[in-house]
Structures are given as C-alpha cells and as structure tokens.
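Scroll down for the structure; my scribbles are underneath it.
The values are calculated or read from the model by the stated rules, or taken from the named source; none is laboratory data. All of these numbers come straight from a predicted model, not from anything done at the bench. These area figures cover heavy atoms from the full protein model, side chains too; ligands, DNA and RNA do not enter into them. Shrake-Rupley method; radii C 1.70, N 1.55, O 1.52, S 1.80 Å.
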Amino acid sequence: MPLWLDLLKTPMAAPETRDLRTMRKTMQLLCVACAVGVLAISPLVRLFGPTASFVVAVLLITTALHVALYVFRKNRADNDHFAAMTAEEG
C-alpha cells in the first residue's frame, strides 16, 4: 500500500479543548520568552545584574515543567479519544 494511503488511514489527534489550547499557547509564549532571554542574557545582566540570570533560569525551569505537563495532558486526551473511537467501532 502506498505511504500516502497509509497516512490517510492514520487516525487524527483528539479535538483540542479550551484548556489544551490555552496550555499550547502558553507553552509557545514561554518558549519564545526563553529564546529571547537566552539570546539577550548579556544585555539583561548588564542592565539588571545577576538577578537577570536567575530570572532566565526560573523561566527555563518553568517552561520545562509546563511542556511536560502539556505533553502528559495532550497524550491522555489523545488516548481517551482513540479509546472512544475504538469502542464505537467495536
């Protein structure tokens, strides 16, 4: 069977709830903030002193925890959706 036909038969992800959409957008903003913080660390340290490094470190840790939580919740929503689809078929 051609690859494109296999891809057409692949089930799609679960519909995105309002909470997951909010988490996804927050995750995107946190990632952009991390990129800006890391790229601009030198000017930030000159302006705000060593506190800037601490703030960027907290931002990185917060982003990592938020991404982990988002992935966990998204996978759980997808698995529940696929289980419901399977139950309807069977």
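Here are a few things to note about the model shown:
- Pairwise alpha-carbon distances in the chain exceed 23 Å for 48% of all pairs.
- Secondary-structure-derived ellipticity at 222 nm for the chain, considering helices only, amounts to -29000 deg cm²/dmol, per-run term -39500 (n - 2.57) for DSSP H runs with n ≥ 4.
- Of the DSSP H helices in the chain, those whose Cα atoms cover at least 20 Å axially and whose Kyte score averages 0.0 or more: 18-39, 51-89
- Extension gain, Ala40 back to Arg21 (0.36 nm per residue minus Cα-Cα distance, nm): 4.0 nm
- Per atom type, the chain shows carbon and sulfur on 70% of its accessible surface, probed at 1.4 Å.
- Residues in the chain average 77 Å² of solvent-accessible surface per residue, probe 1.4 Å, ligands and nucleic acids excluded.
- Gain in span if fully extended, Val58 to Arg76, counting 0.36 nm per residue against the direct Cα distance: 3.8 nm
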